[in-house]
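The values are calculated or read from the model by the stated rules, or taken from the named source; none is laboratory data. Given the structure is predicted, the values throughout are model-derived calculations rather than measurements. Note that we place each Cβ from the backbone using ideal geometry, even for glycine, and neighbour counts take in every protein chain shown.
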Amino acid sequence: MREQLLAAEKVKAIDWHDGVLHLLDQRVLPLEETWRSYDSAAGVAEAIRLMVVRGAPAIGISAAYGVLLGARARLAAGGDWRAALEEDFAVLAASRPTAVNLFWALERMRERLARLQDGDDVLAALEAEAIGIHDSDREANLTMAQLGVELIRKHDRRAQKLLTHCNTGALATGGFGTALGVIRAAHVAGLVERVFADETRPWLQGARLTAWELAGEGIPVSLNADAAAAHLMKTEGISWVIVGADRITANGDVANKIGTYQLAVNAMHHGVRFMVVAPSSTIDMNLSSGDDIPIEERDGRELLEVGGHRVAAEVHAVNPVFDVTPADLIDAIVTEKGVVERPDAKKMAQLMCRKRLH
Ligand code: MRU
């Protein structure tokens, strides 16, 4: 299965070469495939803020390269480069608040800096760390895909209808995806009859990105309005909702793209299983529950305008872009460390004690 999955890795969003970070601009997909280049920490932070790059793991990976770019400039400028680099850490940390992978990656880079010995090549060490973060995310995707497929197969070995939300694929990660990685692997295993992709208002990650990724690989996909999800659960015989996560707290609560919570409520009502797929870098054991997760609020123009043209009445728009699904609505959290069924604080703590499987 691993070889078949690697062969399915066709799209990538992040490319590090020749000392420059290249990002596929997700604001203009699928109509335009434009790569943008970044050679500064501030530039990377701006790319994250504007969602040139998005998706929790991809944000973390980009931020790691951002620290490397910042260190390169600070070292070249001379003086107290470590103190100056703190400004870059701060700018990167302020780019988006909800996905903990960003802060996890910054912490990994900070720890690598702390371990430097006299005479070490600082930039070589930071580059190896950033590439390591990138590569391990790709590996985690592969492990989660296999675990997720085993879980689907455990309940039903026939081809099934799956529903997903937002974009959790190659565009959102260092590999071929979290939830979408499971869906890709399920397709390889013959377990997918059709994928229903929520369009994911207002940024349209589902319509623009997920539909594009799946159609590009010949996986049967139907796009639906977010508001159609409950109706589709009732009428289409959907067996699983499979989504990613931006932050999972110590009790198993899950922050993910706005609309995930109502999917989980609807899934519970209709007896549809609910799977969350996320690498352990998305788990924040410092927060005891989802109530403590900072929820990003974006510009109301994302709702008031379509393609830069005003379509709504002249009113105030409220635009929280994530919500929190309580653990008791979740059937399983799939990570590269293993699967937690019916998550709670005890099971999450046991999971986080485990060493990586790969
Ligand atoms: O605002 P976005 O597009 O960065 O939000 C992305 C999501 O909510 C994804 O579901 C999540 O990051 C998991 S991506 C593997």
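Within the set Leu232, Leu263, the sole residue that is assigned to a helix (DSSP H, G or I), in contact (Cβ under 8 Å) with a residue 40 or more places away in the chain, within 15 Å of the ligand (Cβ to nearest atom) and touching a strand residue (DSSP E or B) at 6+ places or on another chain (Cβ under 9 Å) turns out to be Leu263. Every residue in region 230-273 that is in contact with a Leu (Cβ under 6 Å, 6 or more places away or on another chain) and either closer than 22 Å to Glu199 by Cβ or aromatic (Phe, Trp, Tyr) (or both), please. Selection gives Ile238, Trp240, Val241, Ile242, Ala264. Kindly provide the set of residues from region 206-225 that are over 23 Å from Ile152 (Cβ atoms) and either of a type outside the set (A, V, I, L, M, F, W, C) or in the same structural domain as Leu24 (by the TED database) (or both), ordered by number. Scanning region 206-225 gives a single hit, Arg208. The selection criterion, being over 22 Å from the mean Cα position of the chain (by Cα), surrounded by fewer than 24 Cβ atoms within 10 Å (Cβ to Cβ) and away from the ligand (no atom under 16 Å from the Cβ), does not hold for Ala90.
Report the residue count in region 255-312 for those that are touching a helix residue (DSSP H, G or I) at 6+ places or on another chain (Cβ under 9 Å) and basic (Lys, Arg). Qualifying residue count, region 255-312: 3. Checked against the criterion of being more than 16 Å from the ligand (Cβ to nearest atom), at pLDDT 95 or above and either over 21 Å from Ala207 (Cα atoms) or not assigned by the TED database to the domain that holds Ala278 (or both), the candidates Gly78, Gly43 yield just one match: Gly43.
Note on region 274-324: residues that are in a strand (DSSP E or B) and at pLDDT 95 or above amount to 14. Restricting region 325-351 to residues that are within 19 Å of the chain's Cα centre (by Cα) and not in a strand (DSSP E or B) leaves a set whose member that is surrounded by the fewest Cβ atoms within 10 Å (Cβ to Cβ) is Pro326. Among the residues of region 195-206, is any modelled with pLDDT of 95 or more, more than 8 Å from the ligand (Cβ to nearest atom), touching a Leu at 6+ places or on another chain (Cβ under 8 Å) and in a helix (DSSP H, G or I)? Yes, because at least one residue in region 195-206 is modelled with pLDDT of 95 or more, more than 8 Å from the ligand (Cβ to nearest atom), touching a Leu at 6+ places or on another chain (Cβ under 8 Å) and in a helix (DSSP H, G or I).
Restricting region 147-162 to residues that are of a type in the set (A, V, I, L, M) and within 16 Å of the ligand (Cβ to nearest atom) leaves a set whose member that is nearest to Ala207 (Cα to Cα) is Leu162. Residues in region 3-39 that are away from the ligand (no atom under 16 Å from the Cβ), of a type outside the set (D, E, K, R) and free of Cβ contacts under 8 Å to residues at least 12 places away in the same chain: Ala7, His17, Leu31, Thr34.
For first residues located in region 163-184 and over 16 Å from Gly60 (Cβ atoms) and within 8 Å of the ligand (Cβ to nearest atom), partners that are part of a strand (DSSP E or B) and of a type in the set (Ser, Thr, Tyr) and lie 6+ apart or on another chain with Cβ distances below 8 Å form the pairs Ala179/Thr164; Leu180/Thr164.
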